[in-house]
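K.L.:
The structure under discussion is supplied below as structure tokens; questions concerning it will follow.
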Amino acid sequence: MIESRRIRTAVIVAVALFATAACTSTRTQTSMGEQIDDTVITAKIKGELIADPLTKAHEIDVEVFKGRVQLNGFVRSNEMRTQAIALARRVDGVVAVDNNLKLKAAADHSVGESIDDAVLTGSVKSALAADARTNALRVNVETRDSVVLLAGFVNTAEARTAAGEIARGIKGVRRVDNQLAIK
């Protein structure tokens, strides 16, 4: 009887320790609670961008890891960039905002240029997915005027470097702006 209680207690303690370890975060992974927090922060920032008359939410990608926010994409004005940063900073839970927003060229984008940029984006994403060193799902790729912007959070410096090299190796890419952050 006493022995079975000890075994039961040992099993309960082992399960509790396993559950606690599974729910804690590491440098490169978030705990379940942090993932939920990051998802809520992302949603709140997107909501702020949508509600704001100056910002164009569809032009701004929001990535969050442990409260650190990346604003990525190509925007039309400095005012839009400044406003997006201010909106992100005022959301509860945000610990830092990385501004990876680039200004679009003043000239209008032709349909042909938009198609070319879309093809380059697709080519870069495909190449990243085919390379074991990179986690393509973690890398946001945007292209404007043949300039590729890489953003998001990766686990290692090797993954960051590899993503930049892969993007530069795509025919038609004029320049790569590698804003990938290491977790």
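The values are calculated or read from the model by the stated rules, or taken from the named source; none is laboratory data. Values in this document were obtained by computation on a predicted structure and should not be read as measured data. Positions of Cβ are backbone-derived with ideal geometry, glycine not excepted, and every protein chain shown enters the neighbour counts.
K.L.:
Can you tell me which residue within region 23-59, out of those that are modelled with pLDDT under 90 and touching an Asp or Glu at 6+ places or on another chain (Cβ under 8 Å), is surrounded by the most Cβ atoms within 10 Å (Cβ to Cβ)?
P.N.:
The extreme case among them is Thr30.
K.L.:
Mind counting the residues in region 67-82 that are buried (at least 19 other Cβ atoms within 10 Å of the Cβ) and either free of Cβ contacts under 8 Å to residues at least 12 places away in the same chain or in contact with a helix residue (DSSP H, G or I) (Cβ under 9 Å, 6 or more places away or on another chain) (or both)? Give the steps one after another, and end with the answer.
P.N.:
Kept after step one, since they are buried (at least 19 other Cβ atoms within 10 Å of the Cβ), are these residues of region 67-82: 69-75, 80-81.
With the extra rule that they be either free of Cβ contacts under 8 Å to residues at least 12 places away in the same chain or in contact with a helix residue (DSSP H, G or I) (Cβ under 9 Å, 6 or more places away or on another chain) (or both), the set shrinks to 69, 71, 73-75, 80.
Here the count works out to 6.
K.L.:
Quick one: in region 148-170, which of the residues that are in contact (Cβ under 8 Å) with a residue 40 or more places away in the chain and touching an Asp or Glu at 6+ places or on another chain (Cβ under 8 Å) is farthest from Asn100 (Cα to Cα)?
P.N.:
For region 148-170, the residue satisfying everything is Ile166.
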